Ligand code: SF4
């Protein structure tokens with residue numbers, strides 16, 4: 001069964017962003033397995049450009065806590081809508097999917113649930129525990145929302161001891177009002193610092209191409225390093241649909257390489273920077 005093109009592609013895309021879509025039966029197997037278990041993935045929800053490659057490698061990033069988000073970030077394809085009731089069977093089904101896919105590294109993320117008192121933190125913790133039980137040999141990475149700065153909610157996740165605590169700053173602080181209006185840059189940094197202080201490997205990422213300067217990106221890398229983040233991903237923003245804003249520019253691969261060099265020069269051990277890098281792209285390689 002062919003892999004479908006994940007999103008509209010502009011003919012003006014530079015060569016380094018043109019994707020060759022593999023035709024692989026494993027893609028369909030991964031997609032069908034996720035559907036059979038009634039799960040969501042951010043790969044599909046966000047129309048990730050890497051979905052063909054990742055699904056063909058039997059890799060996916062599970063999206064828990066429903067399909068509707070309580071925020072409306074400008075870059076994101078996940079729908080803003082009425083939040084769904086929590087599904088208590090979801091953690092077990094995520095673990096079962098990880099088992100059937102043979103995952104060595106499971107990545108779990110969620111929509112933002114500002115409607116829940118703990119922001120969904122207990123559900124994340126339950127998912128981590130289910131994965132530990134069902135796939136004890138796999139490492140677990142969670143890509144969490146900011147829980148509106150609630151330290152007790154974050155503690156629920158930290159106490160479940162994921163192998164990687166990921167939280168994206170997404171863009172430079174000067175662009176938050178336009179790109180991530182309901183979030184707070186410093187609040188995100190504090191979350192990452194709390195994770196690092198708890199002894200967990202802290203990871204964060206951002207997209208470029210929104211109109212930020214390279215000096216602003218350097219400042220974000222410095223901020224992340226200062227807060228104890230040891231893994232940083234930087235990729236090109238691509239609009240997931242024609243309803244989303246066009247990128248202001250396409251950053252050349254050499255500039256991504258320079259950003260990686262800059263981070264390493266500061267002492268950030270894991271810099272993963274390239275046009276198609278996403279927060280969970282090849283995530284297992286960090287661990
Ligand atoms: S990069 Fe992440 S979100 Fe995109 S397809 Fe791969 S696993 Fe899914």
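All of the numbers you see were taken from the coordinates with simple rules; none came from a lab. Only a predicted model underlies this, so the values are computations on that prediction, with no experimental measurement involved. Cβ coordinates were reconstructed from backbone atoms using ideal geometry, including for glycine residues, and neighbour counts include every protein chain displayed.
What is the gain in length, in nm to one decimal, between residue 198 and residue 148 on full extension, counting 0.36 nm per residue of separation less the C-alpha to C-alpha distance?
Numbers: separation 50, 0.36 × 50 = 18.00 nm, distance 1.88 nm.
Fully extending the segment from residue 198 to residue 148 adds 16.1 nm.
Determine the relative contact order of segment 23-286: mean sequence separation of Cα pairs under 8 Å and six or more apart, normalised by residue count, in whole percent. Walk me through the numbers before you get to the answer.
On the way: 507 pairs, mean separation 39.8, N = 264.
Relative contact order for segment 23-286 comes out at 15 percent.
Working out 0.36 nm times the residue gap between residue 222 and residue 129, then minus their Cα-Cα distance, what length gain in nm do you get to one decimal?
Values: separation 93, 0.36 × 93 = 33.48 nm, distance 3.32 nm.
Between residue 222 and residue 129, full extension yields an extra 30.2 nm.
With the calculation restricted to Cα positions, what are the radius of gyration and Dmax of the chain in angstrom?
In Å, with Rg to one decimal and Dmax whole: 17.7, 47.
So what's the gap between the Cα centers of segment 253-287 and segment 158-190, to the nearest angstrom?
That distance is 17 Å.
Between residue 80 and residue 25, what length comes free when the chain is fully extended (0.36 nm per residue of separation minus the Cα-Cα distance, one decimal in nm)?
Details: separation 55, 0.36 × 55 = 19.80 nm, distance 3.23 nm.
Taking residue 80 through residue 25 to full extension adds about 16.6 nm, to one decimal.
Tell me the mean residue ellipticity at 222 nm calculated for the chain from its helices only (DSSP H runs of n ≥ 4, each -39500 (n - 2.57), averaged over every residue, nearest 500). The partial results should precede the final answer.
Numbers: 10 runs with 101 residues, N = 287.
-10500 deg cm²/dmol, from helical runs alone.
Which part of segment 156-173 falls in the paramagnetic zone of residue 213, meaning amide N under 15 Å from the point 7 Å along Cα-to-beta-carbon?
Residues passing the 15 Å test: 172-173.
Which whole-angstrom value gives the distance between the alpha carbon centres of segment 40-80 and segment 82-116?
So the separation of the two Cα centres works out to 12 Å.
For a quick check: sort 147, 75 by the number of other beta carbons within 10 angstrom, fewest at the front.
Numbers: 147 25, 75 19.
With the fewest neighbours first, 147, 75 line up as 75, 147.
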